[in-house]
């Protein structure tokens, strides 16, 4: 009995010591003030990552410790439990005020694991990971980890300054989307269910992206998530970089290296829904805190929980999160997932608009652009909701870009048709230009198009092996030459036949096969042509940047058009042939007199084609064709794409030709 009383006395003494430590001042930014509370509940707090979570700080005595703060409005009691107190909820009880619970533990430093033991309003005890933790232990374990997020030394000033002066709407944007866990992953890593770290993958990935002339990479979600198979789209720790690939500062190093190499980094971000795992945000204090309080709105079509985006505290959580990734990880943009499910209840237009969520999107974009107006905000939206990329000031949602899902679906539906049926579906290709300038579009061939039985990009096309490869190169050329920015998922560039296998790496062995190596070479050259020619991106969002030459040639399944830069003399001509038939001396209307030089032909033999190409510059002749005042006669390869660069003749060349013509005429007259 005496031993029990002594233990109880020691425990009470320890509790009193902890409570007295709360009186001591810790870093000012950790104190949750009345002003913080006001902005938090209003939905306009932008730095919650400085208020909530676990922060390694010093008190007024100079003692290093950890300050904890969490929001649990329905809780009867909250305690910090961890490996430092044997997960005993009686030792480190937190002090609560209006749902904000806080505690300072002296001498407790980074590296320790912890959770919050929350006593619900009806007395049940539940364990939750910290929603604002900067780091977590590796799955399948679920505890948060104390981590000092401060102190990384960035060396990307050159990139940051260049981006500040940029106008992305008039610059090339060619995005390489990848899943970091399956880009490279050998058999040994697959067997041990582990991955390359940020540090291990950096050199190879950066060099690969540079070799292929991509301007940005887009990383599928890298915040903490419990299940590998969710690919990161069902998260538990929005502020914690996934421990699968290393520590948070390792990710900072990776992004810093990308920026030093001139590569932008876009993060997949999911502000619409989160997973319902027991340690996560779902029913955080036993009741709805982050999700809607009624089930028909709280549960998504994926079985996840929908964020209550009309709630001020949730808005502050998410907006602070985006700004956190910008501040601490220097990300250059966000691809916002499942915007359709945010705009409409359950993603179903018939259920009506979710006005609270729409207002959140507007506020989110406003706050982000107020912080940095060069950040890319890209909506993955499959609806026809208007003004997604229009400024909030004129009634829009305020995004920079929107994925053009209509273009993607129509294009892939067309490429899957046998060539004999394509003449009857010519509009699948032409319709895209009817609405091309209604939004700022990204043309995506993303991970969603190469999973779940949809086939890989190259395998969608009909025909034999050669025909599939030829149509694949043709399809990629169409994407890269049409108005709109570009996105391709990893393995598209090597014409991988398998669908994406998220547990294995890309089929790199295909590059030992001549056809795949040639296709990869073509993508490198195509990307380089895109990157180096302003006609493909300078007027992406202006009617002046595109002009059809022949839009109605459905019988031959032929499409031809002009892409222009701001300089009226700077333009290219693109010809696409979706039939397995070649043409020679084919007359094509062109707008100007001069020469047209073939800069890329998808049918060249070094791309595994039949080598039907235009060798010498094509000289325009006067004569009406396709409504144009001049024409050229050219070779058009089967299932082929041709890009011709206009080159005006210099005055001295014209004079020389005239002199040669006069000499020829005089000689003939003498004869």
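Throughout, read-outs are computed from the coordinates displayed, never taken from laboratory work. Just so it is clear, the structure is predicted and the values come from calculations on it, not from any experiment. Cβ coordinates were reconstructed from backbone atoms using ideal geometry, including for glycine residues, and neighbour counts include every protein chain displayed.
Structure above, values below:
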| quantity | calculated |
| --- | --- |
| FRET efficiency estimate (nearest 0.05) - Cβ-Cβ, residue 372 to residue 95, R0 30 angstrom | 0.25 |
| Ordering of 435-445, 623-633 by burial proxy (mean other Cβ atoms within 10 Å per residue, highest first) | 435-445, 623-633 |
| Between helix 405-415 and the chain: long-axis angle, C-alpha atoms, 0 to 90°, nearest 10 | 50 degrees |
| The chain: relative contact order as a whole-number percent, Cα under 8 Å and 6+ apart | 10 percent |
| Over region 14-145, relative contact order from alpha-carbon pairs under 8 Å, at least 6 apart, % | 22 percent |
| Three-way shape call for region 503-555 based on the alpha-carbon gyration tensor, with the a/c threshold at 1.5 | prolate |
| Shape call, region 478-527: gyration tensor on alpha carbons, a/c limit 1.5 | oblate |
| Highest to lowest packing among 315-323, 340-348, scored as the average C-beta count within 10 Å | 315-323, 340-348 |
| Burial ordering of 275, 476, fewest other beta-carbon atoms within 10 Å first | 275, 476 |
| Nearest-ten-degree value, helix 2-21 long axis tilted from longest Cα axis of the chain | 50 degrees |
| Residues 369, 324, sorted so that the one with the fewest Cβ neighbours within 10 Å comes first | 369, 324 |
| Anisotropy class of region 14-145 from Cα gyration tensor, a/c 1.5 cut | rounded |
| Beta bridges by DSSP in the chain, antiparallel share as percent, to the nearest 5 | 70 percent |
| In degrees, nearest ten, helix 465-481 long axis to first principal axis of the chain (Cα) | 80 degrees |
| Label of the coordinate-derived value, Rg/Rh (Cα atoms, Kirkwood Rh), listed as [x] 1.07; [y] 1.05; [z] 0.97 | [x] |
| Packing-based exposure ordering (other Cβ within 10 Å, fewest first) of 548, 537, 183 | 548, 183, 537 |
| Cβ-derived FRET efficiency at R0 22 Å, residue 86 paired with residue 58, nearest 0.05 | 0.25 |
| Computed FRET value (nearest 0.05) for residue 430 with residue 155, which takes r as the C-beta separation and R₀ as 51 Å | 0.60 |
| Contour minus Cα-Cα distance for residue 507 and residue 606 (0.36 nm per residue) | 33.5 nm |
| Convex hull of region 543-653 built on C-alpha atoms - directionally averaged projected area, nm² | 7.3 nm² |
| Full-stretch length increase - residue 599, residue 204 - with 0.36 nm per residue and alpha-carbon distance subtracted | 139.3 nm |
| Area projected by the alpha carbon convex hull of region 377-463, averaged over all directions, nm² | 6.3 nm² |
